[in-house]
């Protein structure tokens, strides 16, 4: 899409601030016409009790209620970037609930924050939920590497 402004939508869920920090870094490096949507469950997952709730909801396949926000039309964007932590190899339930209600993604890219292991199962799940095969994906392992450098490389991959 050389020379033409690419409209990018960033959608993310973050229990802690790690994924949020990664998506904000990505947005800063990408520039352009963009919008950020944070998926927010009605009942939070912060702190030790929230962690236990997150584990239970994830393993039980729960469908948490989300706080309503401005409507999102994936079809209005050239690219949808989804950023998420990995919970038990999958997308967190709040993000799954949000994505099931969306249609029309033209191009997707995924940024996953994890602590080791493969994210292929997660990326395949996101392809299924969005109905769109990913153009690029980054597994950002918090246990190693330089996050900003990895995100810069990801920006080149998305933009190329």
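Do we have residue 93 as surrounded by 19 or more Cβ atoms within 10 Å (Cβ to Cβ) and farther than 27 Å from residue 28 by Cβ here?
Yes: the conditions hold for residue 93.
Answer yes or no: is there a residue in region 46-58 that is touching a strand residue (DSSP E or B) at 6+ places or on another chain (Cβ under 7 Å) and either part of a loop (DSSP other than H, G, I, E, B) or farther than 20 Å from residue 85 by Cα (or both).
Checked against the condition, which is being touching a strand residue (DSSP E or B) at 6+ places or on another chain (Cβ under 7 Å) and either part of a loop (DSSP other than H, G, I, E, B) or farther than 20 Å from residue 85 by Cα (or both), region 46-58 yields no hits at all.
Looking at 55, 81, can you tell me which residue is under 14 Å from residue 10 (Cα atoms) and surrounded by 13 or more Cβ atoms within 10 Å (Cβ to Cβ)?
81
From the set of residues in region 73-102 that are touching a residue at least 40 places away in the same chain (Cβ under 8 Å) and assigned to a strand (DSSP E or B), which is nearest to residue 6 (Cα to Cα)?
Across region 73-102, the extreme among qualifying residues is 79.
Look at residue 137 and say whether it is modelled with pLDDT of 95 or more, in contact with a helix residue (DSSP H, G or I) (Cβ under 7 Å, 6 or more places away or on another chain) and more than 20 Å from residue 16 (Cβ to Cβ). Break it down stepwise before answering.
Numbers: modelled with pLDDT of 95 or more: yes; in contact with a helix residue (DSSP H, G or I) (Cβ under 7 Å, 6 or more places away or on another chain): yes; more than 20 Å from residue 16 (Cβ to Cβ): yes.
The answer is yes for residue 137.
Restricting to region 16-72, give me the number of residues that are at positive phi and touching a helix residue (DSSP H, G or I) at 6+ places or on another chain (Cβ under 8 Å). Outline the logic, then answer.
So in region 16-72, the residues at positive phi come out as 31-32, 47, 61.
Going one step further and asking which of them are touching a helix residue (DSSP H, G or I) at 6+ places or on another chain (Cβ under 8 Å), we end up with 61.
Residues flagged as at positive phi and touching a helix residue (DSSP H, G or I) at 6+ places or on another chain (Cβ under 8 Å) within region 16-72 amount to 1.
From the list 105, 112, 147, 137, which residue is in contact (Cβ under 8 Å) with a residue 12 or more places away in the chain, within 15 Å of residue 9 (Cβ to Cβ) and in contact with a strand residue (DSSP E or B) (Cβ under 9 Å, 6 or more places away or on another chain)?
After applying the criteria, what remains is 105.
Out of 142, 131, 104, which single residue is at pLDDT below 90 and surrounded by fewer than 19 Cβ atoms within 10 Å (Cβ to Cβ)?
Numbers: 131 fails: at pLDDT below 90; 104 fails: at pLDDT below 90.
Going through 142, 131, 104 in turn, just one is at pLDDT below 90 and surrounded by fewer than 19 Cβ atoms within 10 Å (Cβ to Cβ): 142.
Checking the conditions here, which among 124, 70 is part of a helix (DSSP H, G or I) and surrounded by fewer than 19 Cβ atoms within 10 Å (Cβ to Cβ)?
124
Would you mention how many residues in region 73-99 are in contact with a helix residue (DSSP H, G or I) (Cβ under 8 Å, 6 or more places away or on another chain) and over 17 Å from residue 121 (Cα atoms)?
The total comes to 4.
So which of 109, 105 is under 23 Å from residue 155 (Cβ atoms) and in a loop (DSSP other than H, G, I, E, B)? Talk me through it step by step, then tell me what you get.
Details: 109 fails: in a loop (DSSP other than H, G, I, E, B).
Being under 23 Å from residue 155 (Cβ atoms) and in a loop (DSSP other than H, G, I, E, B) holds for just one of 109, 105, which is 105.
Which one is farthest from the chain's Cα centre (by Cα) among residues in region 1-45 that are in a strand (DSSP E or B), closer than 23 Å to residue 139 by Cα and without any contact (Cβ under 8 Å) to a residue 40 or more places away in the chain?
Going through the qualifying residues, I end up with 34.
The values are calculated or read from the model by the stated rules, or taken from the named source; none is laboratory data. Note that the coordinates shown come from a computational prediction; the quantities given were computed from them, not determined experimentally. Positions of Cβ are backbone-derived with ideal geometry, glycine not excepted, and every protein chain shown enters the neighbour counts.
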